[in-house]
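Visitor: Pasting a structure below so you can have a look.
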Amino acid sequence: MWIRFIPVVFFSMTALSLVAFQSIEIVHAFIDFISSKSNIK
């Protein structure tokens, strides 16, 4: 049971960290886009 459970937890944590990092990068790019758009006006 535990031998099968450990890799599943490891891969799910890796996937969650990648999704969190990607969403943070998307938010940063969106903020940069809005700030550069407001600087032009």
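Visitor: Kindly provide the helix-only [θ] at 222 nm of the chain, computed as the sum of -39,500 (n - 2.57) over DSSP H runs of four or more divided by all residues, to the nearest 500 deg cm²/dmol?
Guide: Helix-only estimate at 222 nm: -35000 deg cm²/dmol.
Visitor: So, one more: If you fit an axis through the alpha-carbon atoms of helix 2-40 and take the longest principal axis of the Cα set of the chain, what angle between them do you get, 0 to 90°, nearest 10?
Guide: Computed tilt is about 0 degrees.
Visitor: Packing-wise, with mean Cβ within 10 Å as the measure, how do 19-29, 1-11 rank, highest first?
Guide: Those peptides, ordered most packed to least, come out 19-29, 1-11.
FYI, it's all coordinate maths here, none of it is from the lab. Note that the structure is a prediction, hence the values are computed from the model and not measured. Don't worry about glycine lacking a Cβ; one is built from the backbone with ideal geometry, like all the others, and counts go over all protein chains shown.
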